[in-house]
Amino acid sequence: MNPPRLLDRNPVFQTMFGFQPDVPRGRDLPGLRVEISDVDTRTARVDLSLFLFEEAGGEISGFLEYATALFGAATARR
């Protein structure tokens with residue numbers, strides 16, 4: 001198989017789902033404090049991604065990342 005390559009599409013998949021079970025948001029190391037920081041890249045890695053995280057106590061939080069060229073905000077929220 002040698003399908004045509006579309007340079008504006010991910011060659012493997014266009015949607016992604018990630019779930020991270022209860023993970024501490026920071027770590028203390030000798031002489032060093034490490035924290036996870038949210039970074040807004042303003043670039044979607046694939047067409048549509050949903051990432052969920054389990055917080056301490058079982059609460060679930062997350063975010064949706066989408067290609068604005070393909071989806072409007074209202075469509076992505078739905």
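The values are calculated or read from the model by the stated rules, or taken from the named source; none is laboratory data. Computed from a predicted model, the values in this text were never measured in an experiment. Virtual Cβ from ideal backbone geometry, glycine too; neighbours counted across all protein chains shown. Accessible surface areas use protein heavy atoms only, side chains included; no ligands, DNA or RNA. Shrake-Rupley method; radii C 1.70, N 1.55, O 1.52, S 1.80 Å.
For the chain, relative contact order (Cα pairs under 8 Å, six or more residues apart, normalised by length) works out to 28 percent. Note on the chain: with a GNM built from Cα contacts shorter than 10 Å, the maximum mean-square fluctuation among L48, L32, L64 falls on L32. Simple point charges give the picture: +1 on the Cβ of Lys and Arg, -1 on the Cβ of Asp and Glu, and for the chain a dipole about the Cα centre of about 380 debye. F17 contributes about 130 Å² of solvent-accessible surface, heavy atoms of the protein only, 1.4 Å probe. Computed from backbone phi with θ = phi - 60° and the Karplus coefficients 6.51, -1.76 and 1.60, the 3J(HN,Hα) list for the stretch 62-78 is x, 8, 10, 10, 8, 7, 5, 6, 10, 10, x, 4, 5, 5, 5, 4, 5 Hz; x is used for glycine and proline. Net charge of the neighbourhood of P11, taken over other residues with C-beta under 15 Å away and scored Lys/Arg +1, Asp/Glu -1, is +1. Note on the chain: with a GNM built from Cα contacts shorter than 10 Å, the maximum mean-square fluctuation among P30, P11, P21 falls on P30. Taking each residue as 0.36 nm, the span from I60 to F19 lengthens on full extension beyond its C-alpha to C-alpha distance by 13.8 nm. Under a plain spin-label model, where a point goes 7 Å from the Cα along Cα-to-Cβ, how far apart in nm are R33 and A69? About 4.1 nm, to one decimal.
Let me know the longest stretch in the chain that avoids all GluC sites (Glu not before Pro) found in a DSSP loop with at most 16 other C-beta atoms within 10 Å. Longest gap between qualifying sites, sites excluded: 1-54.
The candidates D40, D47, arranged from most to least accessible area with a 1.4 Å probe in the full protein assembly, appear as D40, D47.
Whole-Hz Karplus values for the stretch 3-20 come out as x, x, 8, 9, 5, 8, 10, 5, x, 9, 8, 10, 10, 9, 10, x, 10, 10 Hz, taken residue by residue from phi with 6.51 cos²θ - 1.76 cosθ + 1.60 and θ = phi - 60°; glycine and proline positions read x.
Antiparallel DSSP bridges in the chain: what percent, to the nearest 5?
If we restrict to bridges inside the chain, about 65 percent are antiparallel.
Compactness ratio for the chain: Cα radius of gyration over 2.2 N^0.38 Å (N = residue count) comes to 1.46.
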